[in-house]
Amino acid sequence: VQLQASGGGLVQTGGSLRLSCRSSRNIFSFEAVGWYRQAPGKQRELVAAFTTGGTTYYADSLKGRFTISRDIMKNTVYLQMDSLKPEDTAVYYCAAKQIGQMRYDYWGQGTQVTVSS
């Protein structure tokens, strides 16, 4: 399985970016697909995800600014990020979890998001 993440870049505070994660496998074959991020010196955190059962998760601090969506025909998951802040600067990873697994076990290569003040 390959997860190809793209869409990162440099943006000013208050700007927007949309990240894309294209899967080589049908995204409904996974139990969950989501986005993590890791800022320098910090632990990786789950940003947003949704399960094939229809549950959507957002980190509390990001609700209202980030939106996860999917295009089933393209096997692609998106992360729309609005009202970006410097603290959103991080490497963003898409990840997928197989059915029955406790942890995300497929990872994309990461895409850098930098928000300038």
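Note on the chain: with neighbouring protein chains present and a 1.4 Å probe, carbon and sulfur make up 47 percent of its accessible heavy-atom surface. The loop-placed trypsin sites (Lys or Arg not before Pro) in segment 4-92, going by DSSP, that have at most 11 neighbouring Cβ atoms within 10 Å of their Cβ come out as K42. Relative contact order of the chain: 36 percent, from C-alpha pairs under 8 Å at least 6 residues apart in sequence.
Here segment 74-94 and segment 1-18 have alpha carbon centers that stand 5 Å from each other.
If R0 is 35 Å, the Cβ-Cβ spacing of T13 and T52 corresponds to a FRET efficiency of close to 0.50. What the Cα convex hull of segment 23-117 gives, in volume per residue, is 105 Å³. Seen from S117, the other residues with C-beta closer than 11 Å to its C-beta sum to a net charge of 0, counting Lys and Arg as +1 and Asp and Glu as -1.
Beyond 18 Å, what percent of the Cα pairs of segment 56-102 remain? Every Cα pair in segment 56-102 considered, those over 18 Å come to 40 percent.
On full extension, the segment bounded by D71 and Q4 gains 22.7 nm, given 0.36 nm per residue less the C-alpha separation.
Taking a straight Cα-Cα cut-off under 26 Å and skipping sequence neighbours fewer than 8 places away in the same chain, the lysines within cross-link reach of K42 are K63, K85, K97.
Remark: the chain carries a charge dipole of roughly 140 debye about the Cα centre, counting +1 on each Lys and Arg Cβ and -1 on each Asp and Glu Cβ.
Ranking G41, G64, L19 by how far each Cα lies toward the positive end of the dipole of the chain (charges on Cβ) leaves L19 at the top. The Cβ shell under 12 Å around L46 holds other residues with a net charge of +2, Lys and Arg each +1, Asp and Glu each -1. Once the 1.4 Å probe is applied to the protein heavy atoms, the chain comes out at 54 Å² accessible per residue.
The values are calculated or read from the model by the stated rules, or taken from the named source; none is laboratory data. Here the structure is a predicted model, which is why all the values come from computation and not from measurement. Cβ atoms come from the backbone with ideal geometry, glycine included; neighbour counts cover every protein chain shown. Surface accessibility is based on the protein's heavy atoms, side chains included, excluding ligands, DNA and RNA. Shrake-Rupley method; radii C 1.70, N 1.55, O 1.52, S 1.80 Å.
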